[in-house]
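Below is one structure, written out as structure tokens; comments come after it.
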Amino acid sequence: MNCTQYIQSITANFNPKIALVLGSGLGEFADSIEKIAEISYDKLEGFPISAVKGHAGKLILGFVGGTQVIAMQGRVHYYENAQVEAMKTPIHCFKELGCELIILTNAAGSLDTNAGPGSVMVINDYINFTGVSPLFSETGNQRFVNMVNAYDKKLRQKIHRIAEDNNIHLSKGVYAWMCGPQFETPAEINAIRILGANAAGMSTVPETIIARQQEMKVLALSVITNYAAGMDDGELSHEQTMKYANKAASNFKTILTEFIKSTS
Ligand code: HPA
């Protein structure tokens with residue numbers, strides 16, 4: 001049984017239109033989902049398992065504010081095994097289940113002094129600094145995916161309105177996908193600032209490309225866990241990423257819950 005059939009076999013009448021990918025330290029949002037079922041990735045053929053701390057490795061099916069969602073609590077990164085296409089299976093599965101929108105989340109370092117640790121940023125565009133694509137080795141014209149408006153403009157406007165209504169500061173900007181797993185050098189951060197980046201991170205872009213090829217809408221949120229390398233005296237670490245992801249958890253939860261509610 002493939003992963004889509006397996007999910008369908010244990011959940012009758014469950015037809016989520018929204019898929020969520022919960023990144024580093026954001027798995028906590030999963031606790032607020034009213035659960036119908038939880039499936040460990042090892043039961044789902046082709047679902048890649050992340051070994052990074054803070055990535056649980058479970059698929060959660062349930063409700064957020066009355067709306068059905070399917071959520072990945074944890075995701076694999078390109079830097080874990082250099083398999084850039086690893087997220088294809090989950091995203092193709094969500095498409096097969098009928099999802100029309102995927103909400104991607106991540107932890108990122110900020111290049112903007114007015115968007116500090118603990119804040120949330122809506123990604124309005126990306127720059128791929130890795131030189132790789134999840135569509136490598138595909139054939140046919142389907143591989144030439146349009147990336148203009150990759151992050152749906154109307155949905156971005158909507159989430160900004162929701163943040164404003166809830167008195168939450170929500171910044172916006174360009175996300176630079178860096179290969180990792182090492183953090184950037186200050187020189188790299190200076191370089192990408194000149195090129196137009198507002199945040200740096202190690203995920204989300206491959207998922208965006210795969211989802212757009214599948215004609216799903218994409219909304220992406222970065223939780224800012226630190227100022228990027230060289231911007232302050234601090235040393236970057238995964239522990240810091242986890243700490244500040246937790247700090248932003250409450251605002252992140254409010255924005256995301258209200259946004260999902262508003263889609264039904
Ligand atoms: N750079 C890349 N990825 C990150 C960072 C960063 O500064 N913070 C959290 N994830």
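The values are calculated or read from the model by the stated rules, or taken from the named source; none is laboratory data. Just so it is clear, the model here is predicted, and its values are computed rather than measured. Surface accessibility is based on the protein's heavy atoms, side chains included, excluding ligands, DNA and RNA. Shrake-Rupley method; radii C 1.70, N 1.55, O 1.52, S 1.80 Å.
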Other-chain or far-sequence residues with amide H under 5 Å of S24's (modelled H): A107
Heavy-atom accessible surface of region 136-223: percent carbon and sulfur, 1.4 Å: 51 percent
Three-way shape label, region 160-248, alpha-carbon gyration tensor, a/c 1.5: oblate
Global form of region 49-150, assessed from the alpha-carbon gyration tensor, a/c cut-off 1.5: rounded
Centroid-to-centroid separation of region 23-39 and region 224-264 [C-alpha atoms, Å]: 16 Å
Accessible surface, region 150-264, averaged per residue in Å² (probe 1.4 Å): 46 Å²
Relative contact order, percent, region 3-262 [alpha-carbon distance under 8 Å, six or more residues apart]: 26 percent
Largest to smallest principal axis extent of the C-alpha atoms in region 107-264, angstrom: 49, 41, 26
Potential extension, K43-K253 segment - 0.36 nm per residue separation minus Cα distance: 72.8 nm
